[in-house]
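Participant: Quick one: structure below, then a few questions.
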Amino acid sequence: MATVAAPTLGIGSPNNSESMARRYGRAIVSFACDSCSGAMTRKLIVAVVPALVACSAFTMQPPSQPGTLPPADEQRPLVIAHRGASGHRPEHTLPAYALAIAMGADYIELDLVSTRDGVLVARHENEIGATTDVAQKFSQRRNTRVIDGDSVTGWFTEDFTWDELRTLRANERLPSRSHAYDGHFGVPRLEDVLALADSAGRRRGRVVGVYAETKHPSYFRSIGLPLEESLLAALHAHGLDRRDAPVFIQSFESGNLRALRTKTRVRLVQLVYDTTQVTPAALREIATYADAVGPNTRLIVPASIGGRATSVIRDAHAAGLLVHAWTLRPESEFLAARYRGDPLAEVRELAALGVDGMFGDFPDLVLEGLGRGPASGR
Ligand code: G3P
Ligand code: CA
């Protein structure tokens, strides 16, 4: 196991459940949904505010009417909870999203892949061996597939129906993080996350934005399970397929974003990871079909102590693009040396440089770095 410095605030440890509960409220929750553990109703104590834990997946309330709540975009930079509060709970689970909302995140981020019967589910990749108990429950389904040119062996969402996938439980991906919640929570559908965002936003009195990424969109289209039509249909059903919706759709591929531009006015984000993708000319091209660019933080500032920031934010803004940077993580294995072990310094530097949004595994830390933590009353 890698040696990792404890994050600031002592977060991510199973031993700090009490302090988490004090800060964000304690609730005894009766989960009786597909996304929570146990075939029968199971009572859990979780550190989320009581109002939020009644996930809307089970409250059956109608979608919000536009304009009735303060918008998700009222703050800049936006705090985007990466895979939920994934530093505290297994990524892409309803409790991870609920905790992020309780902490005050503006948006919750989810990656989307498809089941065999076309249900969009929240997983970082279609191979789910590393983040669920699928190997124990479906050992015979191990398979090898070529995904975007890479041969991958494991268990794939497209080999399972939703009825099968709903029996799985999520596990923490990173060995260095707490595994206290392994096996507790299920894999949510896009529909479950949209419903949670809707009801939790109304309960907290401020819209919860949804930041959805299409994962391997060309691959899924090639096997007859395109992601985009189902995503747009779900957004439409929730009244979110409109220009001013609290929604971003992101992709590392440009082809599906260009196609989406002709089908929706929802804001689109081109994810990038390489310097060739953020030249002034490349950014101007991105601006012809997208509203924002999502660069790795290293494209904005180098890891080295004393290294100078690039012109990416300035160039992107000149092209008319918002800039949303990924991914802020406080642990020493991820945090750049220039911050000398202080994750808040990264938040502050990116904010000072003018970034428009930050993806963080620990949204509470990002909020604290921006002066929007619990002590600030927000
Ligand atoms: O979507 C922003 C960021 O999440 C991109 O990286 O691999 O975590 O989806 P990844
Ligand atoms: Ca993502």
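Participant: On the given criteria, is Q277 closer than 17 Å to D148 by Cβ, under 21 Å from the mean Cα position of the chain (by Cα) and surrounded by 14 or more Cβ atoms within 10 Å (Cβ to Cβ)?
Facilitator: no
Participant: Still on this structure, I have one more. Hey, any hits in the range 182-198 for a residue that's in contact (Cβ under 8 Å) with a residue 12 or more places away in the chain, in a loop (DSSP other than H, G, I, E, B), more than 16 Å from ligand 1 (Cβ to nearest atom) and in contact with a Gly (Cβ under 7 Å, 6 or more places away or on another chain)?
Facilitator: No, every residue in the range 182-198 fails to be in contact (Cβ under 8 Å) with a residue 12 or more places away in the chain, in a loop (DSSP other than H, G, I, E, B), more than 16 Å from ligand 1 (Cβ to nearest atom) and in contact with a Gly (Cβ under 7 Å, 6 or more places away or on another chain).
Participant: Residues that are crowded, with 22+ Cβ neighbours inside 10 Å: list the strands (runs of 3 or more DSSP E) wholly contained in the range 72-177 that include at least 1 such residues.
Facilitator: 78-81, 107-114, 120-122
Participant: Could you tell me which residue of the range 316-344 is nearest to ligand 2 (Cβ to nearest atom), considering only residues that are surrounded by fewer than 16 Cβ atoms within 10 Å (Cβ to Cβ) and acidic (D, E)?
Facilitator: Only one residue fits best here, namely E333.
Participant: When both residues are 6+ apart or on different chains and their Cβ atoms are under 9 Å apart, which pairs have a first residue that lies in the range 299-327 and is touching a residue at least 24 places away in the same chain (Cβ under 8 Å), and a second that is of a type in the set (A, V, I, L, M) and exposed (fewer than 14 other Cβ atoms within 10 Å of the Cβ)?
Facilitator: Within 9 Å, the pairs are A303/A337; S304/A337; I305/A337.
Participant: Can you tell me which residues in the range 346-378 are more than 16 Å from ligand 1 (Cβ to nearest atom) and among the β-branched types (V, I, T)?
Facilitator: Answer for the range 346-378, where residues must be more than 16 Å from ligand 1 (Cβ to nearest atom) and among the β-branched types (V, I, T): just V347.
Condition check ((1) free of Cβ contacts under 8 Å to residues at least 60 places away in the same chain; (2) within 16 Å of ligand 2 (Cβ to nearest atom); (3) out of contact with any Phe, Trp or Tyr (no Cβ under 6 Å at 6 or more places or on another chain)) across all residues:
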{"position": "G224", "(1), (2), (3)": "yes, no, yes"}
{"position": "S230", "(1), (2), (3)": "no, no, yes"}
{"position": "A245", "(1), (2), (3)": "no, no, yes"}
{"position": "F252", "(1), (2), (3)": "yes, yes, yes"}
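Participant: If you don't mind, another one. Could you identify the single residue in I305, I313 that is surrounded by 15 or more Cβ atoms within 10 Å (Cβ to Cβ), of a type in the set (A, V, I, L, M) and either more than 20 Å from the chain's Cα centre (by Cα) or farther than 15 Å from A345 by Cα (or both)?
Facilitator: I313
Participant: Moving on. Do we find that T288 is touching a helix residue (DSSP H, G or I) at 6+ places or on another chain (Cβ under 6 Å) and more than 30 Å from D342 (Cα to Cα) in this structure?
Facilitator: no
Participant: Continuing with this model, one more query. What's the total number of residues in the range 212-222 that are surrounded by fewer than 18 Cβ atoms within 10 Å (Cβ to Cβ) and in contact (Cβ under 8 Å) with a residue 40 or more places away in the chain?
Facilitator: Selection size over the range 212-222: 1.
Participant: A follow-up question, please. When you check L174 against the structure, is it within 16 Å of ligand 1 (Cβ to nearest atom), on the phi < 0 side of the Ramachandran plot and in contact with a Lys or Arg (Cβ under 7 Å, 6 or more places away or on another chain), yes or no?
Facilitator: no
Results for (1) away from ligand 1 (no atom under 14 Å from the Cβ); (2) surrounded by fewer than 21 Cβ atoms within 10 Å (Cβ to Cβ), shown as yes or no for each residue.
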| position | (1), (2) |
| --- | --- |
| V207 | yes, no |
| V210 | no, no |
| E253 | no, yes |
| A259 | yes, yes |
| R265 | yes, yes |
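Participant: Determine which member of the set D182, D244 is under 28 Å from L69 (Cβ atoms), surrounded by fewer than 21 Cβ atoms within 10 Å (Cβ to Cβ) and of a type in the set (D, E).
Facilitator: The conditions single out D244.
Each reported figure results from applying straightforward, stated rules to the coordinates on display, with no laboratory input. Quick caveat: nothing in here was measured; it's all calculated off a predicted structure. Positions of Cβ are generated from backbone atoms using ideal geometry, with glycine treated the same way; all protein chains shown enter the neighbour counts.
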